[in-house]
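The values are calculated or read from the model by the stated rules, or taken from the named source; none is laboratory data. On a predicted model such as this, the values are computed, not experimentally measured, just so you know. All Cβ positions, glycine included, derive from the backbone under ideal geometry; neighbour counts span all protein chains shown. Surface accessibility is based on the protein's heavy atoms, side chains included, excluding ligands, DNA and RNA. Shrake-Rupley method; radii C 1.70, N 1.55, O 1.52, S 1.80 Å.
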Amino acid sequence: MSNPTPIPMYVFTGFLESGKTKFIQETLEDSRFNSGERTLLLVFEEGEEEYDPSTYPCKDVFIETLDYDGLSEDMLESLRKKYRAERVVVELNGMHQAADFYLKTPEHWKIAQEVMFADSTTFFSYNANMRQLVVDKLAGAELVIFNRVPVGTDIMPYHKIARAVNRKIDIIYDYTDGTTQFDEIEDPLPFDISAPVIEIADEDYALFYRDITEEPKKYAGKTVRFKGQVARLRREREGMFAPGRFVMTCCEADITFMGLPCKFVGSNGLKARSWVTVEATVEVKYHSLYKGVGPILTAKSVTPADAADPEVATF
C-alpha cells in the first residue's frame with residue numbers, strides 16, 4: 001500500500017489579538033499564495049477580526065472552527081477528505097501548547113511553516129506571567145513577528161527573549177507607522193571558541209551546551225573546560241560518564257539534565273551528582289545519547305569543584 005501524499009501545514013501561533021487572523025486573511029487574499037490549491041483553514045481561536053472569503057482570488061478555501069475537545073487524527077483527516085484539501089492552514093489558540101494540536105494530526109500532515117505573532121505592547125506581560133506558553137510558541141516557530149511596535153522602540157529586549165529560546169528564529173518588527181524591519185542583530189557567543197582552551201563560565205553553560213550539540217563540528221579537535229555534575233550513562237558505565245548541568249528553559253517544570261558523553265579512565269571513582277571541573281578534547285561521532293552524531297569528550301583532567309552558581313543553568 002502506497003504512503004498517503006504529504007499534506008503541508010502552515011501554522012500560525014500567538015495570543016489573542018496578536019494579529020494572526022489579519023495576517024492569514026491577507027495571505028489568502030494574495031494570489032501568489034492562494035493560486036488554486038484547495039485549502040482547509042482550521043481556526044481554534046476567534047477574536048475581533050473575521051475571515052472574509054469573498055475577497056480571496058481562489059474560492060477553494062474551506063473554513064472550519066474547532067475546539068480541542070474531540071480532536072483526533074481521524075476527525076482531522078475526515079475534514080480534509082471532505083473538502084479534498086491539498087494543504088492546511090491553522091490558527092492555533094494561544095492558551096494551548098502547540099502539541100495539543102500536533103499530537104492529534106495525521107502522520108502525513110507535515111509542517112511547512114510555523115509563524116508566531118506577538119503584540120509588542122503585551123508580549124513582556126505574557127512572557128512574565130505565561131512564560132511556558134511563550135516558550136512553546138517561540139521554540140517551534142521559524143519566524144516571530146512583533147507587531148504594533150512604537151517607532152524608536154529598543155528592540156533588543158524582544159531579540160534577547162526570542163533568541164534565548166530559539167537561536168535560529170527569524171524576527172520581524174512591524175512598526176506603528178507601517179514600516180517593517182528585519183532583525184539583523186548578531187548573537188556573539190559569550191566565550192572565545194578560538195582560544196587554546198575554551199573556558200565556559202557557570203552562567204554560560206546552557207548556551208554552550210546548545211551550541212556544541214547544534215553545531216558540534218566547529219568544536220571538533222578543540223579543548224573545552226567547564227563545571228558540571230557527574231552523571232552515569234546507562235549503557236556505558238566503564239570508562240565513561242556524562243558531566244553536565246540541570247538546565248531550565250522556561251520554568252521549574254521543564255528542568256532537564258543536559259550532559260555530554262565523556263571518556264575518562266577514572267570514571268568509576270566519581271560520585272554521582274558530585275561537582276567537577278572537566279577539561280576535555282572534543283570529537284564528533286555517533287552516540288546513542290544523541291541517536292545520531294554529536295560531541296564526544298575525552299577528558300584531560302577531572303577535578304573536584306564547588307557547585308556552580310547558580311546550580312541550575314538558564315539561557
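Table for the structure above
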read-out	value
Simple label model, 7 Å out from Cα along Cβ direction - ASP309 to LYS168, nm	3.7 nm
Rounded to the nearest 10 Å², the accessible area of SER35 at probe 1.4 Å	90 Å²
Net charge dipole size for the chain [Lys, Arg +1 and Asp, Glu -1 on Cβ; Debye, nearest 20]	1920 debye
Proximal charge balance of LEU189 [Cβ under 9 Å; K/R count +1, D/E count -1]	-4
Estimated 222 nm signal from helices in the chain, with DSSP H stretches of n ≥ 4 weighted -39500 (n - 2.57), rounded to 500	-5500 deg cm²/dmol
Flagged links, alpha-carbon separation over 28 Å, of LYS218/LYS263; LYS59/LYS81; LYS110/LYS168; LYS59/LYS137; LYS20/LYS59	LYS59/LYS137
Label-to-label distance, nm, for residues given as LYS217 and LYS104 (7 Å Cα→Cβ offset)	4.1 nm
Carbon + sulfur, % of accessible area of the stretch 213-306 - ligands and nucleic acids excluded, 1.4 Å	51 percent
Additional length obtainable on full extension of the chain from THR256 to GLU86, 0.36 nm per residue less Cα span	57.3 nm
Length released on extending from ASP52 to SER125, taking residue separation times 0.36 nm less the Cα-Cα span	23.2 nm
Cβ-based charge dipole, the stretch 32-99, positive-most Cα from ILE63, LEU40, ALA85	ALA85
Cα gyration tensor category, rounded, prolate or oblate, for the stretch 1-88 with a/c compared to 1.5	oblate
Given charges at beta-carbon only (K, R positive; D, E negative), |dipole| of the stretch 67-191 in Debye	220 debye
Sparse-neighbourhood loop sites, trypsin sites (Lys or Arg not before Pro) in the stretch 62-98 - DSSP loop, at most 14 other Cβ within 10 angstrom	ARG84
Residue-span extension gain [MET95 to ARG210] - 0.36 nm each, minus C-alpha spacing	38.7 nm
Accessible-area ranking of VAL302, VAL88, largest first, probe 1.4 Å	VAL302, VAL88
Considering only the chain, percent of DSSP beta bridges that pair antiparallel, nearest 5	45 percent
Heavy atoms of ASP192 accessible to a 1.4 Å probe, total area in Å² rounded to 10	90 Å²
Within the chain, longest stretch free of exposed GluC sites (Glu not before Pro) [DSSP loop, at most 11 other beta carbons within 10 Å]	108-183
Dipole of the chain, positive direction: furthest Cα of THR180, TYR205, GLY266, with charges on the beta-carbon	GLY266
